[in-house]
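Below is one structure, written out as C-alpha cells; comments come after it.
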Amino acid sequence: MSRIGKRPVELPAGVTASVSGQTVEVKGPKGAHTFNATDDVTITLEDNVITVKPRGKSKRALQQWGMSRTMVANMVTGVTTGFKKELELTGVGYRAQMQGNTLKLSLGYSHDVNFEVPEGVTITCPKQTEVMIEGDDVQLVGQVAAKIRGWREPEPYKGKGIKYKGEYVFRKEGKKK
C-alpha cells in the first residue's frame, strides 16, 4: 500500500489544474506542465485537490500510484516555487563562470569545459566556486546538476571535485611509508 499515493495534492492560490482522462495540466505563475499517467491509475480533481487512486491491486498499479502522485506534486511545486540545486567546486584552480548561455568550467583539464545551458533552466555563479541551477522542472534541474557534477566527481583523498552543497565526501587516508 502506497503511503505517498494516499496523500492528496492541494493546489495553492494562483495555480489552476485540469484533468482530462489520463492527462493532468497544471498552470501557475512560473509556467505550465503536463503529465500523462498510465492506465493503471485514476486521477480526479475536486475542489482544488488532486487525488490519485490505483485501478486494481496489481504490483504495477501500486507502483504507478505513488509515482503518479509524486509527479503531480512536483509539477505543482515547480509552477509555484521552482527547484534549485547548488554545486560547490573544490580544488586549486577550479572555477566556474557564465558567458552568455554557456557555463565555462576550469576543472584542471588541459582545456576548459563549456556546458551549453538547456532551455528551461537558469544557471548563475554567485562566486567562482559556486554554481546555482534553478528551474521549474525537477527532473531537468537534477539532470543538469548531475551532468555538471559528472565532469569531476569529488575524490576521497583530497576532496577535490564538484559536489552538491551539503554533500559529505568520505575521506580516506593516503599511503604511509
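Selection of segment 152-175 for residues being in contact (Cβ under 8 Å) with a residue 40 or more places away in the chain, touching a Phe, Trp or Tyr at 6+ places or on another chain (Cβ under 8 Å) and assigned to a loop (DSSP other than H, G, I, E, B) yields 152, 160.
I'd like to verify a number: residues in segment 9-41 that are surrounded by fewer than 16 Cβ atoms within 10 Å (Cβ to Cβ) and more than 21 Å from the chain's Cα centre (by Cα), how many? Residues in segment 9-41 being surrounded by fewer than 16 Cβ atoms within 10 Å (Cβ to Cβ) and more than 21 Å from the chain's Cα centre (by Cα): 10 in total.
Could you count how many residues in segment 113-123 are at negative phi and surrounded by 12 or more Cβ atoms within 10 Å (Cβ to Cβ)?
Counting residues in segment 113-123 that are at negative phi and surrounded by 12 or more Cβ atoms within 10 Å (Cβ to Cβ) gives 7.
Checking each residue in segment 142-170 for being under 25 Å from residue 122 (Cα atoms), over 13 Å from the mean Cα position of the chain (by Cα) and aromatic (Phe, Trp, Tyr) picks out only 151.
If the condition is being in a loop (DSSP other than H, G, I, E, B), over 24 Å from the mean Cα position of the chain (by Cα) and surrounded by 14 or more Cβ atoms within 10 Å (Cβ to Cβ), then segment 60-92 contributes only 91.
Taken over segment 1-59, residues that are touching a strand residue (DSSP E or B) at 6+ places or on another chain (Cβ under 7 Å), assigned to a strand (DSSP E or B) and acidic (Asp, Glu) amount to 2.
No value in this document is a laboratory result; all are computed from the given coordinates. Because the structure is predicted, anything quoted here is derived from the model rather than measured. Counting neighbours? That spans all protein chains shown, and the Cβs are built from the backbone with ideal geometry, glycine included.
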